[in-house]
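K.L.:
What follows is a structure written as structure tokens; I'll ask about it next.
The values are calculated or read from the model by the stated rules, or taken from the named source; none is laboratory data. This structure is a prediction, so every number in the text was calculated from the model and none was measured. Don't worry about glycine lacking a Cβ; one is built from the backbone with ideal geometry, like all the others, and counts go over all protein chains shown.
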Amino acid sequence: MINKVITSIVVFLLVLVGGGFGYYAFTLNQQIFSLSEQLTTFQAEQATRIDTISNELLTLRGEIQTEVGGLQTKIDKNLTQIAALGNEIDVNMSKIAGLEEGLKTTQSQLDVLAKEVKDTTGLSQSIIDAEKVYPKVSQATVRISNGERTIGSGFIFDSESHVLTANHVVESLSKIYVILPDGRISIATSTGSDLISDVAVLELEEKPAVEPLTLADSSQVRIGEPVAAVGSPLDIAETLNTGIISQINRYAEINYNSGTRWVANLIQFDAAVNAGNSGCPLVNAKGEVIGMVIARIEPTEGEGIYYAVSSNKIKRVAASLIDKGSFDYPWLGVGIVDLTPQMAQERALETANGALVQNVFSDSPAEATGIEVDDIIVAIDGVMVRDTAAFTSYLGEYKSPGETATLTIIRDSSSLEKPITIGKHP
């Protein structure tokens, strides 16, 4: 009985378990089927997406290939243009090389032309256009009269109508008459004069409308340069004479009615001048004043030697005369002479350049600085002293009382540097 019950229970349990497994299997199968359908659907969707992406990639690839193709075309075109530009540059470089050669040839031609122009200029400087210079100079040149006749000349040199003339022309006149270029007469008074330079400045009562003459830089004057003198020689009004510069920085003994004086800073020229030319302007080819005529060598002594005070000296003296009525002439207090060949040989000198000190004045700057008799001055402020003319001309043109200078002297066989303070000529 018990076995039947147990058997029944076992059968029941088997049926129950089998039914449970069957249901579970059925349910599991249903889930697997559902998952299979979902997987199929997912795969279909992914395949669709992959196809879409693939199509888009193909489209994009095509577009990229198109863009790359266009870019390659542009690159090829630019490379072609670059190559063409390179060829053009090569051609231009060849042209530039040709131009450089042409420029070298042209420069050579210009150098030759410049030399020809220079030679032509040099030739033109040996002549003077008197027809052009004369009107410019004569309109400012005046005659100096004692009231009866012309005794000298002068010229207007500034906007205040001051007249420059030679001191020896007016020094003895009690009344000075100036005949202007247009014939009018003006009484003049002396602003100041300097005996040693032979320069005087006059002031006119009547101020004429005249363009004053320009004072040039006489340090630029060259020997052989053409010059012209416009004055009134021998009472013959406004006469033009031409010539050339014969020498510069002369120091000459001039015979005046009032006595004999040594004058420095002289320009020697050969344009014929006579009594009455004194005080007249000596001008260059531009019509600029390079000097004022003051003297001539008398025919009994020689011909063709005339002197004018340099314009640079005139500038200094005239400015001082207008400013204070006098000019303080520089002075060292030595008597000097040119070295002769015999003197140079006796002193074993290589050249005859220099100025020999013959005497030293008492209480003079030279005595104070220790200059001695027989010293040879060979330079002043580093400028070589060729002779007494060069020395005195340098002092007269560049130095004033109170200034200092350095003298280079030879004493026995030694070279010495002597600082000196410039004094005022007594």
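K.L.:
Say whether the condition of being assigned to a loop (DSSP other than H, G, I, E, B), in contact with a helix residue (DSSP H, G or I) (Cβ under 6 Å, 6 or more places away or on another chain), over 30 Å from A200 (Cβ atoms) and without any contact (Cβ under 8 Å) to a residue 40 or more places away in the chain is met by at least one residue in segment 356-364.
P.N.:
We begin by selecting, within segment 356-364, every residue assigned to a loop (DSSP other than H, G, I, E, B); these are 361-364.
Checking which are in contact with a helix residue (DSSP H, G or I) (Cβ under 6 Å, 6 or more places away or on another chain) leaves us with none.
There is no residue in segment 356-364 that is assigned to a loop (DSSP other than H, G, I, E, B), in contact with a helix residue (DSSP H, G or I) (Cβ under 6 Å, 6 or more places away or on another chain), over 30 Å from A200 (Cβ atoms) and without any contact (Cβ under 8 Å) to a residue 40 or more places away in the chain.
K.L.:
So, in segment 392-413, of the ones that are polar (S, T, N, Q) and surrounded by 19 or more Cβ atoms within 10 Å (Cβ to Cβ), which residue ends up farthest from S320 (Cα to Cα)? Reasoning before the result, please.
P.N.:
So in segment 392-413, the residues polar (S, T, N, Q) come out as 392-393, 400, 404, 406, 408, 413.
Imposing the further condition that a residue be surrounded by 19 or more Cβ atoms within 10 Å (Cβ to Cβ) reduces the set to 392-393, 408.
Values: T392: 19, S393: 18, T408: 29 Å.
The selected residue is T408.
K.L.:
Continuing with this model, one more query. Identify the residue in segment 202-218 that is aliphatic (A, V, I, L, M) and assigned to a strand (DSSP E or B) and, among all such residues, is surrounded by the fewest Cβ atoms within 10 Å (Cβ to Cβ). So that I can check it myself, show each step before the final result.
P.N.:
Keep residues of segment 202-218 that are aliphatic (A, V, I, L, M), which gives 202, 204, 209-210, 213, 215-216.
Now restrict to residues that are assigned to a strand (DSSP E or B): 202, 204, 215.
Values: L202: 27, L204: 19, L215: 21.
Only one residue tops the list, namely L204.
K.L.:
When only residues in segment 370-391 that are among the β-branched types (V, I, T) and surrounded by fewer than 17 Cβ atoms within 10 Å (Cβ to Cβ) count, which is farthest from E403 (Cα to Cα)? Full working, then the answer.
P.N.:
Here is the first cut: in segment 370-391, the ones among the β-branched types (V, I, T) are 371, 373, 376-378, 380, 383, 385, 388.
Narrowing further to those that are surrounded by fewer than 17 Cβ atoms within 10 Å (Cβ to Cβ): 373, 383.
Details: V373: 23, V383: 16 Å.
In this case the residue turns out to be V373.
K.L.:
I'm trying to understand the selection: among the residues of segment 142-185, which are small (G, A, S) and at pLDDT 95 or above? Quick ask: steps written out before the conclusion?
P.N.:
Residues of segment 142-185 that are small (G, A, S), as a first pass: 145, 147, 152-154, 159, 161, 166, 172, 174, 183.
Selection gives S145, G152, S153, G154, A166.
K.L.:
Still on this structure, I have one more. Starting from segment 177-191, take each residue that is aromatic (F, W, Y) and list its partners that are surrounded by fewer than 18 Cβ atoms within 10 Å (Cβ to Cβ), counting only C-beta distances under 8 angstrom and pairs at least six apart or across chains.
P.N.:
Y177/N146; Y177/G147; Y177/I185; Y177/I187
K.L.:
Something else about it: What pairs come out if I take residues in segment 143-159 that are assigned to a loop (DSSP other than H, G, I, E, B) and pair them with residues that are surrounded by fewer than 24 Cβ atoms within 10 Å (Cβ to Cβ) and of a type in the set (D, E, K, R) whose C-beta lies under 6 Å away, six or more apart or interchain?
P.N.:
Sorted first by the residue in segment 143-159, then by its partner, the pairs are R149/D235.
K.L.:
From (1) free of Cβ contacts under 8 Å to residues at least 40 places away in the same chain; (2) on the phi > 0 side of the Ramachandran plot; (3) among the acidic types (D, E), pick out the condition that doesn't hold for E205.
P.N.:
Going through (1) free of Cβ contacts under 8 Å to residues at least 40 places away in the same chain; (2) on the phi > 0 side of the Ramachandran plot; (3) among the acidic types (D, E) one by one, E205 breaks only (2).
K.L.:
A further question on this structure: What is the one condition in (1) in contact with a helix residue (DSSP H, G or I) (Cβ under 9 Å, 6 or more places away or on another chain); (2) surrounded by 17 or more Cβ atoms within 10 Å (Cβ to Cβ); (3) among the charged types (D, E, K, R) that R296 does not satisfy?
P.N.:
Checking R296 against (1) in contact with a helix residue (DSSP H, G or I) (Cβ under 9 Å, 6 or more places away or on another chain); (2) surrounded by 17 or more Cβ atoms within 10 Å (Cβ to Cβ); (3) among the charged types (D, E, K, R), the one that fails is (1).
K.L.:
Is it the case that some residue within segment 306-315 is over 23 Å from I244 (Cα atoms) and in contact (Cβ under 8 Å) with a residue 40 or more places away in the chain? Working first, answer last.
P.N.:
The first filter runs over segment 306-315 and keeps only residues over 23 Å from I244 (Cα atoms), leaving none.
The answer is no, given that none of the residues of segment 306-315 is over 23 Å from I244 (Cα atoms) and in contact (Cβ under 8 Å) with a residue 40 or more places away in the chain.
K.L.:
Looking at segment 281-338 only, could you name the residues that are under 35 Å from the mean Cα position of the chain (by Cα) and of a type in the set (V, I, T)?
P.N.:
V283, V289, I290, V293, I294, V309, I314, V317, I322
K.L.:
A further question follows. Given the structure, is S138 at pLDDT 95 or above and in contact with a helix residue (DSSP H, G or I) (Cβ under 9 Å, 6 or more places away or on another chain)?
P.N.:
Values: at pLDDT 95 or above: yes; in contact with a helix residue (DSSP H, G or I) (Cβ under 9 Å, 6 or more places away or on another chain): no.
No; evaluated as a whole, the condition is false for this residue.
K.L.:
Condition check: in contact (Cβ under 8 Å) with a residue 40 or more places away in the chain, within 19 Å of D158 (Cα to Cα) and among the aliphatic types (A, V, I, L, M). Does V230 satisfy that? Before you say what the answer is, go through the steps one by one.
P.N.:
Details: in contact (Cβ under 8 Å) with a residue 40 or more places away in the chain: yes; within 19 Å of D158 (Cα to Cα): yes; among the aliphatic types (A, V, I, L, M): yes.
Spelling it out, V230 is indeed in contact (Cβ under 8 Å) with a residue 40 or more places away in the chain, within 19 Å of D158 (Cα to Cα) and among the aliphatic types (A, V, I, L, M).
K.L.:
Considering every residue within segment 120-132, establish whether at least one is more than 34 Å from the chain's Cα centre (by Cα) and either in a loop (DSSP other than H, G, I, E, B) or modelled with pLDDT under 95 (or both). Before the answer, list the steps.
P.N.:
Looking only at segment 120-132, we keep the residues that are more than 34 Å from the chain's Cα centre (by Cα), and these are none.
No, that holds for no residue.
K.L.:
Select from segment 219-232 the residues that are of a type in the set (G, A, S) and either farther than 28 Å from I179 by Cα or assigned to a loop (DSSP other than H, G, I, E, B) (or both) and write down the one among them that is nearest to the chain's Cα centre (by Cα). Show your work before the answer.
P.N.:
Initial filter on segment 219-232 (of a type in the set (G, A, S)): 219, 224, 228-229, 231-232.
If we keep only those that are either farther than 28 Å from I179 by Cα or assigned to a loop (DSSP other than H, G, I, E, B) (or both) as well, we get 219, 224, 232.
Numbers: S219: 17, G224: 26, S232: 39 Å.
Only one residue fits best here, namely S219.
K.L.:
Every residue in segment 365-408 that is touching a residue at least 40 places away in the same chain (Cβ under 8 Å) and either among the aliphatic types (A, V, I, L, M) or outside the structural domain of V337 (by TED's automatic domain parsing) (or both), please.
P.N.:
A366, A368, I371, I377, A389, A390, L395
K.L.:
Could you tell me whether segment 390-400 includes any residue that is out of contact with any strand residue (DSSP E or B) (no Cβ under 8 Å at 6 or more places or on another chain), modelled with pLDDT under 95 and within 30 Å of S190 (Cβ to Cβ)? Spell out the reasoning first.
P.N.:
Here is the first cut: in segment 390-400, the residues out of contact with any strand residue (DSSP E or B) (no Cβ under 8 Å at 6 or more places or on another chain) are 398.
Filter again for modelled with pLDDT under 95, leaving 398.
Narrowing the set further to residues that are within 30 Å of S190 (Cβ to Cβ) leaves 398.
Yes; the residues of segment 390-400 include at least one that is out of contact with any strand residue (DSSP E or B) (no Cβ under 8 Å at 6 or more places or on another chain), modelled with pLDDT under 95 and within 30 Å of S190 (Cβ to Cβ).
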